[in-house]
1. Relative to the first principal axis of the alpha-carbon coordinates of the chain, what is the inclination of helix 665-679, with its axis defined by its Cα atoms, in degrees from 0 to 90 and to the nearest 10?
2. So what's the back-of-envelope 222 nm ellipticity for the chain, counting only DSSP H runs of four-plus at -39500 (n - 2.57) apiece and dividing by all residues, rounded to 500?
3. If I fit a long axis through the Cα atoms of helix 260-274 and take the longest principal axis of the Cα atoms of the chain, what angle between them do I get, 0 to 90°, rounded to 10?
4. Taking R0 as 22 Å, what's the FRET efficiency between residue 458 and residue 586 from their Cβ-Cβ distance, rounded to 0.05?
5. So, in Å, what gap is there between the alpha-carbon centers of segment 257-286 and segment 310-375?
6. By counting other Cβ atoms within 10 Å of each Cβ, how are 654, 534 ranked from fewest to most?
7. Calculate the dipole size of segment 46-141 relative to its Cα centre from +1 charges on Lys and Arg beta carbons and -1 charges on Asp and Glu beta carbons; express the result in debye to the nearest 20.
8. On full extension of the chain, what length is gained from residue 504 through residue 644, given 0.36 nm per residue of separation minus the C-alpha to C-alpha distance?
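Just so it is clear, none of the values below were taken in a lab; they were calculated from the coordinates. Worth saying up front: this structure is predicted, and the values here are computed from it rather than measured. Positions of Cβ are backbone-derived with ideal geometry, glycine not excepted, and every protein chain shown enters the neighbour counts.
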Amino acid sequence: MIDLNTDVKFIKGVGPNRVKLLNTLGIYTLNDLITYFPRTYEDRSKPKNICECINGEEALIEAYVVGRVQEIRLKGKTMYKLVIRDETGSATATWFNQSYLKSKFRTGEKYKFYGKINNSFGKISINSPVFEEAEKSSNTGKIIPIYPLTYKLTQNTIRKIIENGLEKINGNLEETLPKYIIDEYKLLEINDAISKIHFPSDFEDFKKARKRLVFEELLSMQIALLELKNNYMEETKGIQFDKNVHISECINKLPFNLTKAQLRVLEEIDNDMESEKSMNRLLQGDVGSGKTVIAMISAYKCVRSGYQAAIMAPTAILAAQHLESFTSLFDDLGIKCELLTSALTKKKKLELLERLENGKIDILIGTHAMLEENVVFKNLGLVVTDEQHRFGVKQRTTIAEKGQNPDVLVMSATPIPRTLALILYGDLDISIIDELPPNRKSIETFAVTKQMEERVNTFVKKQIDMGRQAYIVCPLVEENEEMDLKSVKEIYEKYKTEVFSEYRVEFIHGKMKNKEKDEIMEKFKNGEIDLLISTTVIEVGVNVPNASIMVVEDAERFGLAQLHQLRGRVGRGEYQSYCILKYKGNGDTVRQRMKVMCDTNDGFVISEKDLELRGSGDFFGTEQHGLPAFKIANLFEDIEVLKQVQSVAIKIISKDPKLEKEENKELQNLIKDKFMKRIEI
């Protein structure tokens with residue numbers, strides 16, 4: 001039997017340096033390696049005559065070398081040119097800074113060249129082509145997989161390592177789907193599918209392999225979610241909160257009116273809390289739609305019914321922000337709210353835990369510190385987790401186990417199209433706040449290229465001079481030569497010493513210690529920093545009403561949903577706010593994506609478009625479920641398959657809820673391998 005957990009370092013072609021590079025791609029085991037799927041393919045199987053080549057296309061040319069490689073020195077780089085010819089015409093192959101090419105070609109010999117064609121004014125050139133001798137076919141003459149890469153790892157290297165991994169398996173993978181499913185849906189068997197997804201002989205092969213792997217990925221996820229839901233439903237009955245506690249009492253104390261959407265959602269939650277079934281609800285709402293106030297009113301119902309509530313936030317600063325909101329409403333009502341984070345001294349923490357166990361704290365707000373064993377509630381009735389994509393199902397379950405089947409409310413600011421949410425969150429009921437409070441100003445968004453940099457900087461200075469604060473968001477902490485993206489540290493140095501030297505500039509990123517991050521965010525919130533340079537660590541956010549401008553560097557590197565989340569950090573106060581997206585690239589998709597961000601502030605519209613333009617990956621945050629990210633399925637492209645496998649999963653689970661029948665043993669093993677460690681079904 002093949003051990004798929006074999007460390008990737010034992011695969012032929014992987015040395016100590018390469019193992020680190022593979023690890024950065026999430027490849028640690030043989031299984032990770034063979035399921036590291038290509039992102040696209042290049043058809044290098046059919047050569048074209050030179051005279052047929054079209055400007056801008058990628059093409060394979062078989063041609064003879066005419067003369068030697070010419071070396072041309074240009075400003076800062078060296079170009080290498082080679083004239084090639086076939087029966088229909090001649091072309092020039094060009095490369096930059098690759099001196100080894102001078103000795104690579106023999107005049108009069110035939111070679112294969114694959115690259116991008118430039119055909120202008122009747123002159124044809126092929127830019128930076130891959131090449132090899134005509135009789136060879138390791139890099140040409142077939143369909144070639146193209147993988148997502150990291151710096152210093154080439155396509156050739158990863159292809160060879162994957163080939164070696166497949167050789168090690170040698171067609172001996174155990175089947176992961178039952179025979180009746182393979183037969184009924186005409187799917188390839190697993191070895192065939194894995195081999196052909198990496199190295200298809202034609203595109204028909206690729207389609208069949210992909211169909212099989214997408215079907216398996218989506219089916220296993222649906223079954224896992226249904227099992228999860230069944231487990232919740234099998235639990236003993238939940239808490240029935242007091243019907244005589246009216247949430248309207250709390251609503252009337254608010255200094256503002258709730259939207260129709262908020263009132264509708266509260267009615268759904270109120271009904272759940274009064275029923276004897278445990279509430280297990282997902283609350284989706286766009287940035288700024290008012291989810292926190294829903295949590296507050298739900299906690300009010302819980303406390304007035306004689307129970308305690310737990311509010312779990314992903315960061316200490318967000319937890320502190322919640323405490324501020326909760327105490328401002330509940331202090332007058334005699335409801336005691338306290339904060340638990342890892343920053344508390346040992347003495348203060350022990351005192352707090354004692355009060356909690358004695359029932360002297362009604363609402364405990366905190367970070368993952370709440371998951372620790374010594375955190376004991378007297379009578380936990382409601383668990384609210386905020387920004388669910390930062391917590392797995394396992395963590396949600398851990399805190400829920402601190403009570404007797406408490407009601408659970410999961411809040412997420414990542415809008416997901418409803419049809420998909422219903423399928424993805426098979427284990428949760430769903431409420432959606434689909435309107436913003438009337439006083440929210442729309443954030444004006446502009447997409448600009450490098451040429452506008454000076455104007456952008458002038459605009460930022462003008463905002464700061466008016467007393468506002470600004471965020472500059474970058475995709476990286478440190479520079480990556482290959483990707484040429486702006487890094488936090490590089491920008492910080494430049495802005496602090498040159499561009500914004502007269503202002504107070506700081507930086508923050510995810511690799512800092514939590515205490516450090518919290519201190520910087522606190523300073524920013526208190527107006528002690530004018531310009532904060534950051535990675536996406538600010539995406540889950542602190543309210544800084546005075547921050548009115550955000551500039552996102554290399555915006556094309558972010559998903560639209562993520563850009564929308566980031567943009568939600570501004571526009572939280574009374575001032576008109578702006579988001580400026582600086583991007584590179586002229587591709588249609590890049591321009592379309594930037595246009596979507598400028599045209600709408602509606603997260604649901606944006607999420608639909610993101611899915612369509614970018615695919616899913618972990619966009620919908622299967623990770624927020626503790627489920628693994630999709631490796632091959634694309635929820636936009638594969639929505640029909642998703643609907644199909646949902647009905648297959650329902651059929652299977654209704655007949656065999658625990659997958660105990662012999663015919664489903666492969667499925668049972670698949671679910672166990674893929675999900676057990678993550679969600680403890």
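1. On a 0 to 90 degree scale, this one is about 60.
2. My calculation for the chain gives -11500 deg cm²/dmol from helical runs alone.
3. The helix 260-274 is inclined about 70 degrees to the chain.
4. 0.30
5. Taking the Cα centre of segment 310-375 as reference, the centre of segment 257-286 is 23 Å away.
6. On the way: 654 9, 534 26.
By the 10 Å Cβ count, ascending, the order reads 654, 534.
7. I would put it at about 500 debye.
8. That works out to 44.8 nm of additional length.
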